[in-house]
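Taking it in order: structure first as structure tokens, then the write-up.
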Amino acid sequence: MPVPAPRTVEPPAALPDAGLTLLVIEDDPGGSLSGPGMAEMTGAAGKPVRIRTARNLTEAERLLTDDVQCILLDLALPPLECGGGGVPVGRVTGGRHPMDELETLRQVLRLAPHHAVLALTAEADAERAAEAVRVGAQDYLFRDELDGRVLSRAIRYAVERKRADFAQRQLTETRLLAQENARLERGLLPNPLLAGSDLRFAARYRPGRSRALLGGDFYDTVRTPDGTVHAMIGDVCGHGPDEAALGVELRIAWRALTLAGLCGDELLDTLQQVLEHERADEEIFATLCTVDMAPDGRSAALCLAGHPAPLLARPGQAPALLPQDDGGPALGLLRDARWPHREVELGDAWSLLMYTDGLIEGKVGTGSRRLGQEGMVDLVARQIKDGLRGEELLDASVTEVRSLNGGELTDDLAVLLLERG
């Protein structure tokens, strides 16, 4: 038997200026609402309360339209047997267990999950009335004390309480979803594999999207069994969740291919194929910078695919950018592309800063001038001159870039720092 689709849970309707509509479910609806004072029952702005009556849940389901704000349920009404999909088909006859006293209420709550519900009972059943609230009713009323003013006030209170409960539940669900997304995104950030290396590693990451932990920037660092340390940083064009997902895919693919022994054009060509198969649009591309450091740490092979060159700082020398005039195109732009590798000397002691354009494209002051690579080099040089290294150097650099920009950066930002000696 096919499973019926669940009823859509929508927020409770706001109290209308034109008045209230009450659905009464009772064997004798006229009995409870015909007492003295019932004529005084009014809704918003003194408008009379519109009343619909149902003798059982089958009639109630037919009368339960969107303009109904509240349900008044007589707890003495016996429950109905439910057929396929929870549709009431007949009255339960005999053999009821004491725990089933509120089964009718439970059926109403399943039937009308976004409506306020008032439980109606005799004063002698006060304990069952309180239990009805614990089960899900917004309030209870005693039949012998019912009058128009009491009922109209109870209806308005029940509707507002239902709306408050719904808002609180939505807020809780949103918070839980945000926490789950945060755990997921944190799990997708890289954990560098540098066991056995004497290099020190630090990184900073800031997505440009509000309330996100991942952007289109990506980075990673691994050490292969031959002692070579491979570092990579890249940037998928765009700032949405699709670009963030693609960045994660490229990072994981790079790590797997690197650990499998691929390098040079073969590695980048395979990454380009991954990008072409996974991107949502043919206009999407990704820039990439890879640095493969020799096991002795004194030299490295640099490859640029449309990405800005890293910054190298050595003791006694001014920080400077590595050569960037013979790089290849970004991934995803040209078929059969080639990406030249350049050998660079690092020396005994050095700091290598790899970054995405989020670090250099922030503004300087209130005008349109950008920080640029030259401004970034000067900024980092000042920080190093002040004796900053590692984590402190990254924190100070990112903080100053944000300060120069006059606030949070709008572009994704990733910075990776490797140091030796």
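All of the numbers you see were taken from the coordinates with simple rules; none came from a lab. Because the structure is a prediction, the values reported are computed rather than measured. Ideal geometry is used to build each Cβ from the backbone, glycine not excepted, and the neighbour counts take in all protein chains shown.
Given the options MET354, ALA318, PRO192, identify the residue whose Cα lies farthest towards the positive end of the charge dipole of the stretch 189-420 (+1 on Cβ of Lys, Arg; -1 on Cβ of Asp, Glu).
The one lying farthest along the dipole's positive direction is ALA318.
Report the charge-dipole magnitude of the stretch 189-420 in Debye, nearest 20, computed about the Cα centre from +1 at each Lys and Arg Cβ and -1 at each Asp and Glu Cβ. Numbers along the way, then the final one.
Numbers: 22 positive and 37 negative charges, 149 e Å.
Charge dipole of the stretch 189-420: 720 debye, to the nearest 20.
Tabulate in residue order the Karplus-calculated ³J(HN,Hα) for the stretch 391-404, using 6.51 cos²θ - 1.76 cosθ + 1.60 with θ = phi - 60°, rounded to whole Hz; enter x for Gly and Pro.
4, 5, 5, 5, 4, 5, 5, 5, 4, 5, 4, 5, 5, 4
Any idea how far apart ALA280 and ARG169 come out in nm if each label point goes 7 Å out from Cα toward Cβ?
It works out to 3.1 nm between the two label points.
For a test of the definition: using alpha carbon positions, the gyration tensor, and the 1.5 limit on a/c, classify the stretch 249-339 as rounded, prolate or oblate. List each step's numbers first, then the result.
On the way: a/c = 2.48, a/b = 1.64, b/c = 1.51.
It is prolate, given that a/c is not under 1.5 and a/b is the larger ratio.
Could you tell me which of ALA301, THR410, PHE285 has its Cα farthest along the dipole of the stretch 189-420 towards the positive end, charges placed at Cβ (Lys, Arg +1; Asp, Glu -1), taken about the Cα centre?
THR410
GLN324's amide H: which non-local residues (gap 5+, or another chain) put their own amide H closer than 5 Å, with H modeled 1.01 Å from N in plane and none for Pro or chain starts?
Counting only residues 5 or more places away or on other chains, the set is empty.
ALA202's amide H: which non-local residues (gap 5+, or another chain) put their own amide H closer than 5 Å, with H modeled 1.01 Å from N in plane and none for Pro or chain starts?
Those lying under 5 Å, H to H, from ALA202 are LEU417.
Charges on Cβ only, +1 for Lys and Arg, -1 for Asp and Glu, centred on the Cα centroid of the stretch 189-420; of VAL229, GLY387, GLY215, which one is farthest towards the dipole's positive end?
So the residue furthest toward the plus end is GLY387.
Please label the shape of the stretch 302-390 as rounded, prolate or oblate, based on the square roots a ≥ b ≥ c of the eigenvalues of the alpha-carbon gyration tensor (a/c under 1.5 means rounded; beyond that, a/b larger than b/c means prolate, else oblate).
Values: a/c = 2.99, a/b = 1.24, b/c = 2.41.
It is oblate, given that a/c is not under 1.5 and a/b is not larger than b/c.
Given H placed on each backbone N at 1.01 Å, which residues far from ARG52 in sequence or on other chains put an amide H within less than 5 Å of it?
For ARG52, whose amide H was placed from the backbone, the distant partners under 5 Å are LEU22, LEU23, VAL24.
How do the peptides 256-262, 297-303 rank, highest first, by the average count of neighbouring beta carbon atoms within 10 Å per residue? Could you put the intermediate results ahead of the total?
Values: 256-262: 14.6, 297-303: 19.0.
Averaged packing, sorted descending, gives the order 297-303, 256-262.
Given all pairs of different Cα atoms, what value in angstroms does the Kirkwood hydrodynamic radius of the stretch 189-420 take? All intermediate terms of the calculation are to be shown ahead of the outcome.
Details: mean 1/r = 0.0562 Å⁻¹.
Its Kirkwood hydrodynamic radius stands at 17.8 Å.
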